[in-house]
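The values are calculated or read from the model by the stated rules, or taken from the named source; none is laboratory data. Just so we're clear, the structure is a prediction, and the values are computed from it rather than from any experiment. So basically every Cβ, Gly included, is an ideal-geometry build from the backbone, and we count neighbours across all protein chains shown.
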Amino acid sequence: MYQEDQAAKDDKRARRMRKAKKVARVVNLPLTCFYVWIFLMVVRTGYLSWIGVLVGLAYVSPGVASAVAGFAGKSRLEGFLGWLNIGMPILLGLAVSLAIIWPVDDNGNQWEPYRFEKELAAIETERAIPDLNNAALHCRALFTSLDVNDQPDFFFEGAFADDKFYENPWDGAEHPEAAQWLDGYSEVIDEVVCAASTGTFRWPLQAYTYDDFTVPYEPLSRSVQLLIASANRDLGEGRLDDAITKYFCVIDIGDDLREQLQDLDFRIGSRYERDALRMIRQALVQADLSAWDIAHIGRRLPAADALWPRDGRAFFQAEKLRYMNLLGRLYEVNEKGDIRFTVGFCLSANDPKKDDRWLRIYCPMSMPLDPAKLTTIAEPYFAEFEYLFQSDWLPPATPRREGFWDYAPKMKVNSYRWWAEASFFQEQRYAETRYRCALRVAGRRGTWLVLGLRRYCEANGQWPDSLDRITEYVPAKAFRDPTNQGAFSYVGGAEDFRLYSKGVNGIDEDGRDGYWDVAARTEDDMAIWPPRAPTPGDNVSDEKMLKQLKEIYGDHFRTDKPNEANGV
């Protein structure tokens, strides 16, 4: 009887055990499938290296296989895989702990962050010019000694020259104090003009994001301010040849900055050129130019050819190098050429090194063992931006808003790479670079059109009633607006004509930019002449101004000034 009762109890216990195992399998299978889904999401990012993929498979496979073996009745295999499933996280934790506490024996070697010096040297060789023709070398001492903090209140407002000196012609007799101050910089102006006329401003590339800037931006910008202010004075006092020479000197400097192959240089160079072309257009419309002056402007104007994709290809080549150099901070190399994953991470040479020995385990999961193979990461990443090189203009791409399951796996797998891409090498920034390049070409072509209008006026005694009248005076390419591949808008027939680009949206908004306070549309016309469309005055509460604004823009209008980044 006892044996029968014991057998019954064992049978009940066995049934409970079998039932418990079934419940465990049912619970475990969705959980392990969730881990598989997480793993697949991580694989989808493309961040994992082959080591990371193998480790991930080893981490999630036992759990799935254990549940499947259990349902198939393979109890022994299920038990083995179950213990393996429990042991993998423990082994991983032990490996990380060992990497953290294991001492680093440098054997007296000096380890430095890995850099792609050969690739940089190849780019520098392509863009090298003789020292004799390098205006940057000729002006090095000048830029070093130039006092950029000399900003008298009567001449400057904040960081930029006052409108009456920087944006309009002026006469020294009416502003003697300003004229005397500017005369003190005559040698600086003459030296920069001479250097620009005989050579090209060329500085070394900034190959790593956290390197010091190679371009001396402050003294360079101050020199450009002085040049334009001096040229405006020459224009106001009738020295037209001197004014034109200085304006084109500024344009040359801005054009040279394009060869620095960095977004900041593109922006600064575009601004220099924009300001100089604006004054050249003003001279063409309002100044008493001779036939020689007009012809001289025509000889010096930048070509109406598109700058993209040639500039874009060179720019992306340099960006790819900077991208790889930033990822290269995860590696170290010594004087013998030995390479390892970093154990003391720092962004710049001035930062203290941190003890990051855990990176020896973390990095191999998502980075190639050989830093030379970082090209296998950079090439597919930058291939995503190939659409920017299409022949027709595309508006700036809407930033891709990554959801949690897009960026979270990247942050976990390689937070450093994700931060680099999100902070410095993002799609939106490159689309904006393309956009600014189109604006630059629009400014050049618009200036060609103004030149053609002035040539027609000189030949016929009146301004033309349409752009069709000036085809013989202007290159054919100048008539095409690079921002929308359409035509520029011209409302004219007299000296108060208006010329503007319809902007990316291609809608004729009567030359207005940004005065539309509704979500449906933002006005984006870009004025070429006159330099600005009608804008609210400083006192926007004035009843007369408000009435005029409502007549032009309706009841909904913005009282802030237009975005000058769109100006050409």
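Note on the range 275-303: residues that are part of a loop (DSSP other than H, G, I, E, B) and among the basic types (K, R) amount to 0.
I'm trying to understand the selection: among the residues of the range 228-263, which are of a type in the set (V, I, T) and under 15 Å from A195 (Cβ atoms)? First the steps, then the outcome.
In the first step, residues of the range 228-263 are kept if they are of a type in the set (V, I, T); the result is 228, 244-245, 250-251, 253.
Listed by number, the residues that qualify are T245, V250, I251, I253.
All told, W463 meets the bar of being without any contact (Cβ under 8 Å) to a residue 60 or more places away in the chain and out of contact with any Ser or Thr (no Cβ under 8 Å at 6 or more places or on another chain). Pairing residues of the range 253-269 that are on the phi > 0 side of the Ramachandran plot with residues that are part of a helix (DSSP H, G or I) and aliphatic (A, V, I, L, M), at Cβ distances under 9 Å and at least 6 apart in sequence or on separate chains, gives L261/I123; L261/A314; L261/A318.
Any chance you could count how many residues in the range 52-65 are more than 33 Å from the chain's Cα centre (by Cα) and either under 22 Å from I377 (Cα atoms) or in the same structural domain as M367 (by TED's automatic domain parsing) (or both)?
So the first thing to find is which residues in the range 52-65 are more than 33 Å from the chain's Cα centre (by Cα), and the list is 54-65.
Checking which are either under 22 Å from I377 (Cα atoms) or in the same structural domain as M367 (by TED's automatic domain parsing) (or both) leaves us with 54-57.
Residues in the range 52-65 being more than 33 Å from the chain's Cα centre (by Cα) and either under 22 Å from I377 (Cα atoms) or in the same structural domain as M367 (by TED's automatic domain parsing) (or both): 4 in total.
A search for C-beta distances below 6 Å between a residue of the range 117-137 that is assigned by TED's automatic domain parsing to the domain that holds D255 and any residue that is aromatic (F, W, Y) and modelled with pLDDT of 95 or more, counting only pairs 6+ apart in sequence or on different chains, returns A135/F201; A136/F201; A136/W203. When E332, E319 are checked against the criterion of being of a type in the set (D, E), assigned to a helix (DSSP H, G or I), in contact (Cβ under 8 Å) with a residue 40 or more places away in the chain and crowded, with 20+ Cβ neighbours inside 10 Å, E319 stands alone in meeting it.
In the range 404-438, what residues are polar (S, T, N, Q), surrounded by fewer than 18 Cβ atoms within 10 Å (Cβ to Cβ) and closer than 16 Å to V504 by Cβ?
Q428
Selection of the range 118-135 for residues being over 17 Å from T200 (Cα atoms), surrounded by 15 or more Cβ atoms within 10 Å (Cβ to Cβ) and among the charged types (D, E, K, R) yields only E119.
Quick check on A291: is it of a type in the set (A, V, I, L, M), surrounded by fewer than 20 Cβ atoms within 10 Å (Cβ to Cβ) and over 19 Å from G443 (Cα atoms)? Can you show your working first?
Working: of a type in the set (A, V, I, L, M): yes; surrounded by fewer than 20 Cβ atoms within 10 Å (Cβ to Cβ): yes; over 19 Å from G443 (Cα atoms): yes.
Yes, satisfied.
Within the range 342-363, is even one residue in contact (Cβ under 8 Å) with a residue 12 or more places away in the chain, within 15 Å of F116 (Cβ to Cβ) and assigned to a helix (DSSP H, G or I)? No, there is no match, as no residue in the range 342-363 is in contact (Cβ under 8 Å) with a residue 12 or more places away in the chain, within 15 Å of F116 (Cβ to Cβ) and assigned to a helix (DSSP H, G or I).
I need a count of the residues in the range 311-338 that are of a type in the set (A, V, I, L, M, F, W, C) and within 13 Å of R417 (Cα to Cα).
4
Taking the conditions (1) free of Cβ contacts under 8 Å to residues at least 24 places away in the same chain; (2) surrounded by 21 or more Cβ atoms within 10 Å (Cβ to Cβ); (3) of a type in the set (A, V, I, L, M) in turn, V441 satisfies each one other than (1).
Looking at R239, R222, R202, just one residue is assigned by TED's automatic domain parsing to the domain that holds Q286 and free of Cβ contacts under 8 Å to residues at least 12 places away in the same chain, and that residue is R239. Among the residues of the range 484-496, those that are buried (at least 18 other Cβ atoms within 10 Å of the Cβ) and either among the aromatic types (F, W, Y) or at pLDDT 90 or above (or both) comprise F488, S489, Y490. One residue alone among G537, G511 is modelled with pLDDT under 80 and surrounded by 15 or more Cβ atoms within 10 Å (Cβ to Cβ), and that residue is G511.
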